[in-house]
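S.K.: Take a look at this one; I'll ask things after.
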Amino acid sequence: MKTYTLTLTAALALGGAAAIAEEVRVYNWSDYIDEELLTKFEEETGIDLIYDVFDSNEVLETKMLAGGSGYDVVVPSGTFLQRQIVAGAFQKLDPAQLPNLANMWDVVEKRTEQYDPENAYSINYMWGTTGIGVNVGKVTELLGEDAPIDSLDLVFKPENMEKLAQCGVHFLDAPAEMIPMALKFLGEDPDSQDPDVIARAEEVFVPVRPYIQKFHSSEYINALANGDICVAVGWSGDILQARDRAAEADNGVEIAYHAAKEGAQMWFDQMAIPVDAPNPKAAHVFLNFIMDAQNMAAASNYVYYANGNKASQEFLVEDVIGDTAIYPDQETLDNLFTTRPYPAKVQRTVTRLWTKIKSGT
Ligand code: N2P
């Protein structure tokens, strides 16, 4: 994990006056912003920005439930947010400090209300799907032109995975997404909270486990782009970023992303302010900055994820707003599912199961 500490101080922004720098600490997903926006925030507001990154809801949740994270803004996905709100981890937003709330998109707000009623604690940052990224050349070389690159068969059928192991396969280390995906493959309800149904995920992972090189939730971007691996179960925008990095490197690697045709998970990443945030006022300034239409568009244009900001849409490039892998049309949308948070007891089953699956024993 990288840590960016931007050092443009408030004192500098105030023209050299000996001001004590105000600080805001943001903890966001890796590869999820255009870093120029971070500099722009400091220049515009004079607030020092400490920007740290993570790649796992579970890691963030441990910090939120323990308390004392020291962060002013964090970005859990909806299902995790819901559980953390119930646990008292966040403070209500103050709409008076967030005039740019007017830019938000009611279509997304309706969906996120499912996790955060009235959107009282959070704003949507971005949303996307969990799917399959492939190096088209290598995969068709190994599996033929009919390789099922848009199907769960690619990653859950051992006969495919045995061949793909030659060029490298990564899976996300994200049980709350990988288990629903395996259940979908079995034709079960991906949102099942029945421990007996969830346990069936094991029969999907065990036969393919020997062919999975790594469970990791951020390395696959560069690994795909460089040609070090040929398949990643990963997040939509991350795989589209890999596609771009390969194109920029002009290395002959062609990357494609598909939300599995059997159905794919759709998730919403929400910005929220921890109950014990050191600087909630600066947190609101940061949220309002992010909700500026042009800033939000710059972020989406850079990371290839859709956002929950209606006003940003006129500033999105065609590559983003016109790509149904990012802004789904109705047909694509109909094929996406969402999940609910696991109750504590079920979560423990999931955690145990996932550890077992990963260890391959
Ligand atoms: C960004 C990943 C964010 C999507 N790299 C996971 N919710």
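The values are calculated or read from the model by the stated rules, or taken from the named source; none is laboratory data. Note that the coordinates shown come from a computational prediction; the quantities given were computed from them, not determined experimentally. Cβ atoms come from the backbone with ideal geometry, glycine included; neighbour counts cover every protein chain shown. Heads up: the accessible areas ignore ligands, DNA and RNA and are worked out on the full protein's heavy atoms, side chains in. Shrake-Rupley method; radii C 1.70, N 1.55, O 1.52, S 1.80 Å.
S.K.: Looking at the range 197-227, which of its residues are in contact (Cβ under 8 Å) with a residue 60 or more places away in the chain and either away from the ligand (no atom under 16 Å from the Cβ) or among the basic types (Lys, Arg) (or both)?
M.R.: Matches in the range 197-227: ILE198, ALA199, ALA201, GLU202, PHE205, VAL206, ARG209, PRO210, GLY227.
S.K.: Evaluate the following for PHE268: is it open to solvent by less than 10 Å² (accessible area, probe 1.4 Å) and outside any helix (DSSP H, G or I)?
M.R.: When the stated conditions are applied, PHE268 passes them.
S.K.: Give the range 37-62 a look and list any residue that's within 27 Å of GLY88 (Cβ to Cβ), without any contact (Cβ under 8 Å) to a residue 40 or more places away in the chain and within 16 Å of the ligand (Cβ to nearest atom), or say none.
M.R.: VAL59, LEU60, GLU61
S.K.: Can you tell me which residue is nearest to LYS281 (Cα to Cα) among those in the range 25-47 that are in a strand (DSSP E or B) and not β-branched (Val, Ile, Thr)?
M.R.: ARG25
S.K.: Among the residues of the range 19-36, is any within 16 Å of the ligand (Cβ to nearest atom) and among the aliphatic types (A, V, I, L, M)? Full working, then the answer.
M.R.: The first filter runs over the range 19-36 and keeps only residues within 16 Å of the ligand (Cβ to nearest atom), leaving 26-35.
Those still in the list that are among the aliphatic types (A, V, I, L, M) too: 26, 33.
Within the range 19-36, one or more residues are within 16 Å of the ligand (Cβ to nearest atom) and among the aliphatic types (A, V, I, L, M).
S.K.: Output the helices (runs of 4 or more DSSP H) that fall wholly within the range 154-227 and possess 3 or more residues being out of contact with any Cys (no Cβ under 8 Å at 6 or more places or on another chain) and within 25 Å of THR349 (Cα to Cα), or say none.
M.R.: Details: elements: 158-164, 175-186, 195-199, 201-208, 220-226.
It comes to 175-186, 195-199, 201-208.
S.K.: Something else: Can you tell me which residue in the range 329-346 is farthest from ALA306 (Cα to Cα), limited to those that are open to solvent by less than 30 Å² (accessible area, probe 1.4 Å) and in a loop (DSSP other than H, G, I, E, B)?
M.R.: Among those that are open to solvent by less than 30 Å² (accessible area, probe 1.4 Å) and in a loop (DSSP other than H, G, I, E, B), it is TYR342.
S.K.: Residue under question is VAL350, and the condition is that it be among the hydrophobic types (A, V, I, L, M, F, W, C), within 16 Å of the ligand (Cβ to nearest atom) and touching a helix residue (DSSP H, G or I) at 6+ places or on another chain (Cβ under 8 Å); does it hold?
M.R.: Considered against the rule, which asks whether it is among the hydrophobic types (A, V, I, L, M, F, W, C), within 16 Å of the ligand (Cβ to nearest atom) and touching a helix residue (DSSP H, G or I) at 6+ places or on another chain (Cβ under 8 Å), VAL350 comes out as no.
S.K.: Answer yes or no as to whether ASP244 is within 20 Å of the chain's Cα centre (by Cα), surrounded by fewer than 22 Cβ atoms within 10 Å (Cβ to Cβ) and touching a residue at least 60 places away in the same chain (Cβ under 8 Å). Talk me through it step by step, then tell me what you get.
M.R.: Values: within 20 Å of the chain's Cα centre (by Cα): yes; surrounded by fewer than 22 Cβ atoms within 10 Å (Cβ to Cβ): yes; touching a residue at least 60 places away in the same chain (Cβ under 8 Å): yes.
Yes; evaluated as a whole, the condition is true for this residue.
S.K.: Do any residues in the range 287-304 that are within 15 Å of the ligand (Cβ to nearest atom) have Cβ atoms under 7 Å from those of residues that are among the hydroxyl-bearing types (Ser, Thr, Tyr) and part of a helix (DSSP H, G or I), where the two are at least six apart or on different chains, and which pairs are they?
M.R.: Note: pairs meeting the criteria are SER300/SER312.
S.K.: Could I ask something else about it? Between residues in the range 74-95 that are modelled with pLDDT of 95 or more and residues that are of a type in the set (Asp, Glu) and in a loop (DSSP other than H, G, I, E, B), which pairs lie under 8 Å by C-beta distance while being six or more apart or on different chains?
M.R.: Qualifying pairs under 8 Å: GLY78/ASP116; LEU81/ASP116; GLN82/ASP116; ILE85/ASP116.
S.K.: Here is a check on your reading of the model: is ASP146 in contact (Cβ under 8 Å) with a residue 40 or more places away in the chain, open to solvent by 50 Å² or more (accessible area, probe 1.4 Å) and out of contact with any Gly (no Cβ under 8 Å at 6 or more places or on another chain)?
M.R.: Considered against the rule, which asks whether it is in contact (Cβ under 8 Å) with a residue 40 or more places away in the chain, open to solvent by 50 Å² or more (accessible area, probe 1.4 Å) and out of contact with any Gly (no Cβ under 8 Å at 6 or more places or on another chain), ASP146 comes out as no.
S.K.: Residues in the range 96-112 that are touching a strand residue (DSSP E or B) at 6+ places or on another chain (Cβ under 9 Å) and either open to solvent by less than 50 Å² (accessible area, probe 1.4 Å) or without any contact (Cβ under 8 Å) to a residue 24 or more places away in the chain (or both): how many? Step through it out loud before you land on a result.
M.R.: Here is the first cut: in the range 96-112, the ones touching a strand residue (DSSP E or B) at 6+ places or on another chain (Cβ under 9 Å) are 98, 100-101, 103-105, 108-109, 111-112.
Retained after the next criterion (residues that are either open to solvent by less than 50 Å² (accessible area, probe 1.4 Å) or without any contact (Cβ under 8 Å) to a residue 24 or more places away in the chain (or both)): 98, 100, 103-105, 108, 112.
Total meeting the criteria: 7.
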